[in-house]
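Reviewing the structure listed below.
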Amino acid sequence: MIAGAYALASVLVFATAALLILVGAIGVIALKNPVHSALSLIMTLFGVAIAFVAQSADFLAAVQIIVYAGAIVVLFLFVIMFLGVDRREHVHVEPLVGQRAFAAVGAAITVGGLVVLMARSHWVTGAMSVSTKGVALATGQANVKQLGTAIFTTYLFAFEATAALLVIAVVGAVLLARRERSVHDEEVEVDA
Amino acid sequence: MNVPAAWYLILAAVLFGIGSFGLLTRRSALIMFMCIELMLNAVNLTFVTFSRTLSDVGGQASVFFVMVVAAAEVTVGLGIVVAVFRRRSSTSVDELSELKG
């Protein structure tokens, strides 16, 4: 009956995306080995990319795969291998008594609150946005053009600010991860 | 016809809940970062869903900026993890309790 109301293809796409997202997310928090968690994270990110494509956010789906699955998870794996922390964490030890129960209650309240808010609010009215003057969201190449136009006109200042943010992040990461040199080395460098 | 927006919103809420549960229970700093990524992705999914529902590309632009900030956050965060690991030989956040009152 669900497939009758909505196109079978979109229901199947949603089911696939939901399965990938939820199995991957549970894998991230349940697996003991950090490497396995990182691989589970890739599964979730692919599921989110499928959900993006299904909702005509084609450019973001590509960026999701390239930046998240391609760069961020590789960065995670690189640090895991670099530090050699791919040992199993003792997930069954509970240093704070009742931590898990409180966390479960907190997560349940969060999810329940969000779902109740969604069910009772009237945010999704179906009204067209005024900023796009009723132009429908495009898919494919037109989506890239639409998003590019928005970023380079309406959100230009924010876009420029991200450039500064990325430079600061790179400098900060180099500064943090750099090996401390001895005082003698630094003196020599200053003299030179 | 596409599936209703509420399905994707509930999926995003559940993903956010799983991420927050993992953040509260796991003690390896690396896994906690991955849980933050899960929560950020849940928010991104919500943005894209509302973007589709309201036919406004602004939601997708927000996701773009969230991705940039997430990349910067992971870079600095992993730098901090590496710096902490050099001193403590562990990424467990339980061992970083020297500021405890």
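The values are calculated or read from the model by the stated rules, or taken from the named source; none is laboratory data. Fair warning: this is a prediction, and the values are worked out from it, not measured in the lab. Here the Cβ is made from the backbone with ideal geometry for all residues, glycine too, and neighbour counts use every protein chain on show. With ligands, DNA and RNA removed, areas are computed over all heavy atoms of the protein, side chains included. Shrake-Rupley method; radii C 1.70, N 1.55, O 1.52, S 1.80 Å.
Results, tabulated for the structure shown:
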item: Residue that is surrounded by the fewest Cβ atoms within 10 Å (Cβ to Cβ) [pool: residues in region B:64-89 that are under 23 Å from A:Asn143 (Cα atoms) and in contact with a Ser or Thr (Cβ under 8 Å, 6 or more places away or on another chain)]; result: B:Val69
item: Residues within region B:75-93 that are in contact with a strand residue (DSSP E or B) (Cβ under 9 Å, 6 or more places away or on another chain) and either within 7 Å of another protein chain (Cβ to nearest Cβ) or in a helix (DSSP H, G or I) (or both), tallied; result: 2
item: Matching residues, region B:2-18, being more than 7 Å from chain A (Cβ to nearest Cβ) and part of a helix (DSSP H, G or I); result: B:Ala12
item: Those residues of region B:28-74 which are facing chain A (nearest Cβ under 7 Å), farther than 26 Å from A:Val167 by Cα, part of a helix (DSSP H, G or I) and of a type in the set (A, V, I, L, M), in sequence order; result: B:Leu45, B:Val48, B:Leu54
item: Extreme residue, modelled with the lowest pLDDT, among residues of region A:109-129 that are under 17 Å from B:Ala12 (Cβ atoms) and at the interface with chain B (Cβ under 7 Å from one of its Cβ atoms); result: A:Val124
item: 2 or more residues at pLDDT below 65: qualifying helices (runs of 4 or more DSSP H) within region A:130-192; result: A:183-191
item: Neighbours by Cβ (under 8 Å, 6+ apart or cross-chain): first from region B:74-93, without any contact (Cβ under 8 Å) to a residue 12 or more places away in the chain; second assigned to a helix (DSSP H, G or I) and of a type in the set (Phe, Trp, Tyr); result: B:Val82/A:Phe82
item: Residues satisfying the stated conditions in region B:12-33, i.e. within 23 Å of B:Thr49 (Cα to Cα) and either touching a residue at least 60 places away in the same chain (Cβ under 8 Å) or open to solvent by 10 Å² or more (accessible area, probe 1.4 Å) (or both); result: B:Val14, B:Phe16, B:Ile18, B:Ser20
item: Output for region A:38-67, where each listed residue is small (Gly, Ala, Ser), open to solvent by less than 20 Å² (accessible area, probe 1.4 Å) and at pLDDT 90 or above; result: A:Ala38, A:Ser40, A:Gly47, A:Ala49, A:Ala51, A:Ala61
item: Pairs with Cβ under 6 Å, 6+ apart, first in region A:143-159 and more than 10 Å from every other protein chain (Cβ to nearest Cβ), second surrounded by 15 or more Cβ atoms within 10 Å (Cβ to Cβ); result: A:Val144/A:Phe59
item: For A:Gly70: the one exception among (1) over 30 Å from A:Gly148 (Cα atoms); (2) open to solvent by 10 Å² or more (accessible area, probe 1.4 Å); result: (1)
